[in-house]
Ligand code: DGL
């Protein structure tokens with residue numbers, strides 16, 4: 001059996017990259033729904049439907065453990081997948097998300113004024129706010145939706161001027177709020193992490209999900225030896241995209257190298 005990694009497009013590759021670094025012996029199947037990216041401006045019902053299809057596809061490719069390497073899918077659909085979809089359709093399959101791991105990491109490291117950037121759909125669920133409230137009740141959370149960043153990133157990131165404008169629009173309110181840390185609450189944003197960091201200044205700590213997901217997955221596998229034992233360990237990686245004719249091959253390299 002394999003570990004499935006799913007995102008609406010290329011962003012989940014930033015999670016896969018860290019998994020390959022920290023847990024290289026396992027077999028992975030990546031699925032990017034690049035024919036329908038971005039998810040972040042769609043309704044929760046539509047995203048749930050897409051997420052169920054991704055789970056079906058990855059189960060059919062022999063994945064017994066699936067990471068929703070997409071905050072938008074995690075925020076809108078993880079609970080429903082775990083509580084409604086899996087018990088009826090795939091009782092032996094486990095699906096995990098990316099929000100809890102990064103929130104735990106941020107809570108452990110202790111920010112006081114925590115910014116969160118994500119897609120419109122992720123921000124609308126308040127998933128980060130409620131998780132942070134549970135894990136670090138004394139912190140103040142400032143959320144900012146960044147609806148144009150995923151389309152910009154998926155479109156090969158060719159125009160620095162546009163990115164500067166977008167980041168000014170999205171980061172200025174967080175600067176005014178005097179955040180001390182920022183959660184990159186969308187797996188695509190990792191690829192522009194250095195640029196975001198330069199705009200916010202060195203006093204703002206940035207948290208990336210890849211590292212957090214890899215740490216928490218390692219713990220999870222230690223706590224669930226029955227799952228760990230069932231996983232193939234030939235270090236194979238397979239990539240699947242719903243629009244395989246797009247420019248994705250060049251971009252895969254860009255994301256995995258980031
Ligand atoms: N990488 C996805 C996330 O983490 C992007 C969502 C989108 O397709 O808009 O939310």
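Indicate the gyration tensor shape class of the stretch 174-258 (rounded, prolate or oblate), computed on the Cα atoms with a ≥ b ≥ c the square roots of the eigenvalues: a/c under 1.5 is rounded; otherwise a/b larger than b/c is prolate and the rest oblate.
On the way: a/c = 3.24, a/b = 1.38, b/c = 2.35.
Cα axes put the stretch 174-258 in the oblate bin.
For the pair residue 79 and residue 160, a Förster radius of 45 Å applied to the C-beta separation gives a FRET efficiency near 0.70, rounded to the nearest 0.05.
Between rounded, prolate and oblate, where does the chain land on the alpha carbon gyration tensor, with a ≥ b ≥ c its root eigenvalues, rounded for a/c under 1.5, else prolate if a/b exceeds b/c? Present the calculation step by step, with values, prior to reporting the outcome.
Numbers: a/c = 1.61, a/b = 1.34, b/c = 1.20.
Taking the square roots of the gyration eigenvalues as a ≥ b ≥ c, the chain is prolate.
Remark: the Cα gyration tensor places the stretch 100-208 in the prolate category, a/c being 1.5 or greater and a/b exceeding b/c.
Computed from the coordinates by the stated procedures, all read-outs in this text should not be read as laboratory data. Just so it is clear, the model here is predicted, and its values are computed rather than measured. A quick note on method: Cβ atoms are made from the backbone with ideal geometry, for glycine too, and the neighbour counts reach across all protein chains shown.
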